[in-house]
Amino acid sequence: MSVDQNLSAFIWSVADLLRGDYKQSEYGKVILPFTVLRRFDCVLAPTRQDVWDRDASFSGDTPPALLKAVAKLPFYNTSKQTFATIGADPANVRKNLADYVNGFSAEVSEIIERYAFHTQIERLDAAGLLYQVVQKFADPKLDLSLSKVSNHDMGYLFEELIRKFSELSNETAGEHFTPREVIELMVELLIAPDVDALTGDGRVIDILDPACGTGGMLAAAEEHIRMLNPDARINLAGQEINAESYAICRSDMLIKGYDEKSSSIAFGNSFSHDAHEGKDFRYMLANPPFGVEWKRVEKAVKDEHNDRGHAGRFGAGLPRINDGSFLFLQHMMSKMRPVTADVDDKLKGSRLAIVFNGSPLFTGGAGSGESEIRRWIIENDHLEAIIALPDQLFYNTGISTYFWIVTNNKASRNKGKVVLLDARDQWQKIRKSLGEKRKEISKDQRDHVCRIYRNALDIADDPDHPDHAKVKVFRNEDFGYQRITIDRPLRQRFEISEDTLAALAESSAFQKYDLRDELLTGLKNLIGLSEKERTKFRDKLFAGYIENSVTVPPDKVEKAVMAAFSVTDPEGEIQKVAKGKVVHDPDLRDFENVPLTEDIDEYFEREVRPHVPDAWMAETKDPKTKKTIRVKIGYEIPFTRYFYMYTPPRPLEEIDAELKAVEAQIQILLGQVTS
């Protein structure tokens with residue numbers, strides 16, 4: 001068992017104290033902030049006395065920058081209390097703990113506020129549990145463990161605790177963090193083209209995660225870059241909407257030594273409050289929640305879209321209200337570093353990676369928000385690759401997921417192309433399921449996927465390569481299509497029957513007509529009247545009005561009468577309006593998606609006309625420009641279709657033999673029952 005697992009079990013034992021006074025779903029409100037505080041207590045221990053001495057040397061308030069310098073950390077605590085002293089004085093535990101918490105610098109105080117920790121102190125004290133919990137966390141064994149555990153393992157510890165809390169409260173752990181092997185693969189793919197460029201002196205790397213959770217992705221990106229270049233200056237930025245996850249991420253950054261200049265982790269909704277407005281980043285990565293609606297921030301998002309267009313973050317389009325995935329992607333792309341503004345030729349522009357489910361690949365037809373966003377990304381040559389991952393990788397869902405790799409500075413060989421990589425078979429089973437997670441990607445498998453990714457173009461060109469079937473390279477325009485509307489004429493016959501009279505009686509225009517009873521009585525006398533031609537039918541209908549002494553109805557009612565008595569018939573008369581324009585049959589309207597590279601008229605004559613000679617391409621109005629158009633441009637990425645492998649059905653003889661064997665077995669069993 002690793003150190004973080006032992007430590008997790010030790011800390012988790014606090015739950016035994018809380019049982020009864022706290023619901024299971026509330027354990028995290030106590031255990032997480034106490035764990036963070038105890039970690040701070042251990043980290044501050046080596047310089048604690050120095051901080052006290054320096055603080056005492058000033059008659060007034062000691063400058064915070066000076067105390068941080070003495071603490072050798074971006075935070076400090078001036079309280080004379082420690083967990084050891086608090087745990088040694090049961091009579092004053094609440095007072096001393098409050099004094100200890102209030103002694104922290106502003107950075108930690110803000111974190112504690114996000115936990116609403118003072119509320120928990122009062123609640124624990126009222127339940128008579130405060131001293132017991134403090135004693136548990138003041139245990140010298142915990143002090144020893146927390147002093148030895150690395151920041152990396154502390155990240156694992158927090159993830160393990162959050163997973164347990166989520167399982168108890170039926171929440172989704174995946175909303176708070178992403179499995180580490182998934183993050184590591186994502187980071188490796190993101191940085192793959194820059195491995196050589198990241199080495200060298202003076203490298204300054206800015207990284208953003210706009211849905212950072214507990215900071216796992218930022219931590220993994222930092223660790224990976226540090227392995228390539230230990231001297232690189234790495235600035236981390238993030239934003240998180242969940243208060244507890246935000247507090248953990250902020251505390252992790254402080255413990256690692258990140259100050260306000262090198263770490264900017266903000267609390268709030270990235271859509272309605274952009275905490276990093278006006279900034280750009282070299283690398284961005286995120287695992288936003290799948291299929292989460294953005295109704296709460298709908299007004300802010302739509303206002304920015306309508307008022308600022310491409311000058312804002314959401315100029316490409318707005319997705320459906322029940323899935324904000326594409327909003328996260330546009331938000332990130334708005335922070336891409338302009339290629340021309342980057343001083344370092346080796347690290348021009350920006351690269352980003354984001355985790356999506358399958359929906360953003362194809363949801364939304366031509367002209368929809370999703371299609372327009374895909375169109376903008378692809379036509380601007382920003383989409384570098386999409387990597388399909390195995391299912392059952394995440395804690396909160398078993399669905400298939402995809403990495404999208406997006407950049408504004410493709411390598412020359414990749415320009416105008418998109419790489420699709422199928423890594424769905426790169427997994428191994430885990431010993432014990434964790435929520436929906438039953439699979440993981442091993443280190444060897446991650447390395448294998450990265451090798452394929454780095455050499456994708458060569459592998460795609462080599463039919464003999466063992467991974468050739470796993471890679472496909474398409475031109476940008478291959479994902480686009482022209483959607484044309486195919487109409488056919490409306491053909492009708494005309495008749496008065498019980499059914500058509502009933503349809504007339506239900507129409508609103510007829511029900512509002514004062515002489516409806518007189519009209520209905522007269523029309524009943526005409527049941528059986530039928531004609532193939534509209535003109536002849538109307539002539540006989542009007543003759544019937546005269547014959548039955550029925551007042552000729554006004555135009556509005558007359559239209560309702562003719563609509564009710566019109567019956568669609570493939571052999572019927574083609575209907576026309578003024579100037580002989582043929583009326584289309586709405587039930588026969590169809591659509592065709594024509595490749596971008598093909599002429600729509602040639603396609604129509606070849607693919608449509610031979611099958612439906614009376615069809616034509618309809619003209620519609622563009623809802624944005626109000627202009628008459630014949631086509632709508634759409635973009636989709638049918639990933640599974642490209643990698644579909646046909647599996648022929650089993651031979652009928654084999655199936656027949658199997659059925660006979662089963663029948664024989666059933667007969668034997670029946671014989672045993674009846675004997």
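Determine, for each peptide in 329-336, 390-397, the mean count of other beta carbons within 10 angstrom over its residues, then list the peptides with the highest first.
Highest to lowest by the protection proxy: 329-336, 390-397.
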Exercise for the section: Using packing as a proxy for protection, rank 569-579, 48-58, 649-659, 366-376 so that the peptide with the highest average count of other Cβ atoms within 10 Å comes first. Expected result: 366-376, 48-58, 569-579, 649-659
Practice task
Along Cα→Cβ, 7 Å out, is where each label goes; now give me the distance between the ones at residue 499 and residue 150 in nm to one decimal.
Solution key: 7.7 nm
Exercise for the section: Return the sequence-ordered ³J(HN,Hα) values of region 489-499 in whole Hz as given by the Karplus equation 6.51 cos²θ - 1.76 cosθ + 1.60 applied to θ = phi - 60°, using x for Gly and Pro. Expected result: x, 7, 10, 9, 10, 9, 8, 10, 9, 4, 5
Fill in the blank from the handout: Quick calc, residue 135 & residue 590: beta-carbon distance into FRET formula, R0 56 Å, rounding 0.05, result 0.15
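Of the listed peptides 206-215, 533-542, what is their order by residue-averaged count of other C-beta atoms within 10 Å, with the highest listed first?
Listed from highest to lowest mean packing, they are 206-215, 533-542.
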Problem - DSSP-loop trypsin sites (Lys or Arg not before Pro) across region 602-675, with at most 12 other Cβ within 10 angstrom - result: 624, 626, 627
Practice task
Could you tally the net charge around residue 184, taking each other residue with its Cβ under 14 Å from the Cβ of residue 184, Lys/Arg +1 and Asp/Glu -1?
Solution key: -4
Problem - Per residue, in Å², the accessible surface of the chain once ligands and nucleic acids are set aside, probe 1.4 Å - result: 49 Å²
Fill in the blank from the handout: Per the rule of 0.36 nm per residue minus the C-alpha distance, extending residue 657 to residue 431 adds in nm 77.5 nm
Practice task
Work through the residues other than residue 332 whose Cβ is under 10 Å from its Cβ and net out their charges, Lys, Arg +1 and Asp, Glu -1.
Solution key: +1
Exercise for the section: Rounded to the nearest 0.05, what FRET efficiency do residue 113 and residue 444 give with R0 = 51 Å and r taken as the Cβ-Cβ distance? Could you check? Expected result: 0.70
Exercise for the section: Could you please state how large a percent of the accessible area of the chain is carbon and sulfur, counting protein chains only and using a 1.4 Å probe? Expected result: 49 percent
Exercise for the section: Taking the chain as the reference, fit the longest principal axis to its C-alpha atoms, fit the long axis of helix 369-379 to the helix C-alpha atoms, and give the angle between the two in degrees, 0 to 90, nearest 10. Expected result: 70 degrees
Fill in the blank from the handout: On the formula 1/(1 + (r/R0)^6), with r taken between the Cβ atoms of residue 226 and residue 600 and R0 of 56 Å, the FRET efficiency rounded to 0.05 is 0.55
Problem - Per-residue ³J(HN,Hα) for region 301-307, Karplus 6.51 cos²θ - 1.76 cosθ + 1.60, θ = phi - 60°, Hz, x for Gly and Pro - result: 5, 5, 4, 5, 4, 6, 7
Problem - Between 0 and 90°, nearest 10: helix 3-12 axis offset from the chain longest Cα axis - result: 80 degrees
Problem - Cα centroid separation, region 602-624 to region 404-468 (Å) - result: 40 Å
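Using only the Cα atoms, what convex hull volume per residue in Å³ does region 599-661 have?
Spread over its residues, the Cα hull of region 599-661 gives 220 Å³ apiece.
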Fill in the blank from the handout: Here the gain from full extension of residue 506 to residue 411, 0.36 nm per residue of separation minus their alpha-carbon distance, amounts to 27.6 nm
Completion exercise
Checked against a 30 Å limit on the C-alpha separation, the offending pairs among 415/627; 536/626; 29/302; 95/141; 348/439 are 415/627; 536/626; 29/302; 348/439
Exercise for the section: Kindly express, to the nearest 10 degrees and within the range 0 to 90, the angle between helix 180-191's C-alpha long axis and the longest C-alpha principal axis of the chain. Expected result: 80 degrees
Problem - Paramagnetic label zone (point 7 Å from Cα along Cα-to-C-beta, residue 272; backbone N under 14 Å) in region 229-243 - result: 241-242
Handout entry: Segment residue 619-residue 13, length gained on full extension (0.36 nm per residue, minus Cα span)
Key = 211.2 nm
Fill in the blank from the handout: Listed by chain and number, the residues whose amide H is under 5 Å from that of residue 205, excluding neighbours fewer than 5 places away on the same chain and using placed H, are 233, 234, 235
Exercise for the section: Per residue of region 614-629, in order, report the coupling 6.51 cos²θ - 1.76 cosθ + 1.60 (Karplus, θ = phi - 60°) as ³J(HN,Hα) in whole Hz, putting x for Gly and Pro. Expected result: 8, 7, 8, 7, 7, 9, 10, 9, 6, x, 8, 8, 6, 8, 6, 9
Exercise for the section: Just the ratio, please: alpha-carbon radius of gyration of region 527-662 over 2.2 N^0.38 Å, N its number of residues. Expected result: 1.81
Problem - Dimensionless Rg over Rh [the chain; C-alpha; Kirkwood] - result: 1.13
Handout entry: Residues with amide H under 5 Å from that of residue 408, placed H, sequence gap 5 or more
Key = 350
Completion exercise
Inverse of <1/r> over all distinct C-alpha pairs of region 175-215, i.e. the Kirkwood Rh in Å, gives 12.1 Å
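Rounded to the nearest 500 deg cm²/dmol, what is the calculated helix-only ellipticity per residue at 222 nm for the chain, with -39500 (n - 2.57) per DSSP H run of length n ≥ 4?
Only helices count here, giving -12500 deg cm²/dmol.
The values are calculated or read from the model by the stated rules, or taken from the named source; none is laboratory data. All figures in this text were calculated on a predicted structure; none of them were measured in a lab. Ideal geometry is used to build each Cβ from the backbone, glycine not excepted, and the neighbour counts take in all protein chains shown. Each accessible area value is taken on the protein alone, full model and side chains, heavy atoms only, with ligands, DNA and RNA left out. Shrake-Rupley method; radii C 1.70, N 1.55, O 1.52, S 1.80 Å.
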